1. Please tell me if residue A:153 is buried (at least 18 other Cβ atoms within 10 Å of the Cβ) and at the interface with chain B (Cβ under 10 Å from one of its Cβ atoms).
2. Which one is modelled with the lowest pLDDT, of the residues in region A:36-55 that are assigned to a loop (DSSP other than H, G, I, E, B) and more than 7 Å from chain B (Cβ to nearest Cβ)?
3. For region B:387-408, what are the residues that are touching a strand residue (DSSP E or B) at 6+ places or on another chain (Cβ under 9 Å), more than 10 Å from chain A (Cβ to nearest Cβ) and surrounded by fewer than 18 Cβ atoms within 10 Å (Cβ to Cβ)?
4. Please work out if residue B:67 is more than 18 Å from residue A:73 (Cβ to Cβ), free of Cβ contacts under 8 Å to residues at least 12 places away in the same chain and within 7 Å of another protein chain (Cβ to nearest Cβ).
5. Select from region B:125-141 the residues that are in a helix (DSSP H, G or I) and in contact with a helix residue (DSSP H, G or I) (Cβ under 7 Å, 6 or more places away or on another chain) and write down the one among them that is surrounded by the fewest Cβ atoms within 10 Å (Cβ to Cβ).
6. Inspect all residues belonging to region B:56-76 and state whether any of them is modelled with pLDDT under 95 and buried (at least 17 other Cβ atoms within 10 Å of the Cβ).
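The values are calculated or read from the model by the stated rules, or taken from the named source; none is laboratory data. Everything numeric here is computed off the predicted structure, so don't read it as measured data. Backbone-built Cβ (ideal geometry, glycine too); neighbour counts: all protein chains shown.
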């Protein structure tokens, strides 16, 4: 039965050229994660529904892929990496702490697909579990800054705030503590809907206009990080939680300086709230000026989440890179290095059926030396084989015909310049490695 | 609400020690795939149901995770990598051919979980599309042999057969061609249920006992590859398809010699059938003598599968590594190199809160030099920090207290020997890189 080949809406195939770019970014991210002492971890795609439900807020519950398996178990697909990881930390209490892990896996959201918004996309997370220390938060922010710098992001801002500071603002405004999550969700939309939009939302959520006014005034604070901190300190003096938040942010900033994170790379931003329920302390997310795309990293402290799976509450903090958005920005700003078109370095052509054994020998020689060598498998004129290499942008082509075979040589063509040279078989791998500058 | 933390049956968490082993195997597999000119590709987890249905046979349909999304679309989770890849090849007809891709992704099967059988597991596939040439099949077998050799498998056998040879056997037996798939599925169970079991299954499937007898006699062929080929040639002389199969297997073996695949590494095996519907030509799978675990690779030619999604039929051949079984074998036979316990190379301790800035400086220095350095974030005695490094098997520990800070030095302890030395901060990275032999 013939089937129309098509993708499920909101999902994508990654062809080699895209995969090579993705792998380039992931390999930089993974390398820096490991340099900072984070270790790899993976969790399953399918989780029991009660593991996922009620962890992300109302919207999260709605957008989680959920189904019943053949054994009538209610299950869901991984919605983020933090909640399954928290389950892991509760299940293996003997893991030595502080426990630092990274995790690079896809997640699924039953969202309406739009430009740049997918139903399956990758997250790259680092987390420190078992530490209340603000140094742990600083390590996460330092990782974020180093990844973005290494990927060649020139202008990024890590917005930093604290749920404790926000709780202080709610307290100072006189709105009830029961309104906190509602207020955070409205504040989180400030960039999208503006102060009037937030004011209207707060009104709809039953926040008094006096409280709403105080909150919106505080969100307007401007100036340097020091100036913002000092204004917030004055405003929140009456709130114990608020002051604790201010102290933690101040401590974080003092560490960031030691880590070499520039004062222009982060900003104390009272308007940052983050949408998810589970944050409890410092929160951060990264924005870029161009292109307009929303945040490319997010994260924060979640000291109570693991406790939802465990007798003991275990503090934790972390950050998450949105791979798709990072790649979109890098594509739009042309930030990828050249030569990411193909992983293949050499095409070994086959002159005619009789010379196939020699071509196999040449390809085997190259492969044994670690060179990525394709062998052309079809009967075709050399012309066509060169066209193939050209189309795929393979940088080198080798001709190994009967004449070359007789002299134990090959002809090597550099596709970029068109230059050709004849080299003995015993020298070919060294020559190509030299041309590839390694 | 407190939730009992638990896994969905048949799925696993991979903690760092397991992940490091998995990444070790995957990185060897990926490196060899690329050396042979295969390029990376990924497809989505969720596919439209009609993409998956009817491709794997009856059992496959039954074991595919299937559900309806919120938009009432019938979808399923990736069951293998070959069918989604075939959809890709039909959707992007302009991809230059022969098209060689590799794919390393998890797949899902709603199977009964057992020891060594999971509902989520990784496959690592290579495929060549757009080539009828047996060289393409040879490249796949050469990759399989090189991966297993590089992973240090000493005794493995790549069983090789051809669906055309099997069709010849069915033809020679006088059983109808409509019984082919039934017969293949029974033959495929020979190892599990023995000749009597197969005979009974064939009887149940309506194959005459005369035909069944001829088939079972042919499956008993023994001897060297050459001897087996010659006996099969005699038996199948009357079948055009069978003879074509024999010629292709003979051609494959002649190439394997050129690729340096040893005659003891593969075996012409008439009892190999493979369970999936879509194979059309050469098929192969790899078995190891110890431990008893079933096949660790599988694959073959599937010249008609892509045509199920496309106007044009496009030939294809490939192979698949079962990551979980490979890791199980390597674990049981103790084949992993030592020092795969942690990715972290150095723990930088914090002597006291005042010396934290110097410890951050030391960690930053190491990280800038590419060394994987963890920084201890908690207030704790040095003793406890050393115990932590010991438990995690981190090979080096650095003490950077006030005395060391004053002289711009650090104390470096090699955990294996207990040796300790004092080194200037400017030399520490070079020293550790030297100790790590790089």
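1. No.
2. My answer is A:55.
3. B:403, B:407, B:408
4. Here the answer is no, as residue B:67 does not meet what is asked.
5. Filtering region B:125-141 for residues that are in a helix (DSSP H, G or I) and in contact with a helix residue (DSSP H, G or I) (Cβ under 7 Å, 6 or more places away or on another chain), the one surrounded by the fewest Cβ atoms within 10 Å (Cβ to Cβ) comes out as B:134.
6. The answer is yes; a qualifying residue exists.
Yes/no matrix, rows are residues, columns are (1) assigned to a helix (DSSP H, G or I); (2) farther than 24 Å from residue A:31 by Cβ:
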residue	(1), (2)
B:326	yes, yes
B:339	no, no
B:343	no, no
B:365	yes, no
B:380	no, yes
B:410	no, no
B:413	no, yes
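Per-residue answers, yes or no, for (1) modelled with pLDDT under 95; (2) part of a loop (DSSP other than H, G, I, E, B):
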| site | (1), (2) |
| --- | --- |
| A:2 | yes, yes |
| A:6 | no, yes |
| A:21 | no, no |
| A:25 | no, no |
| A:34 | no, no |
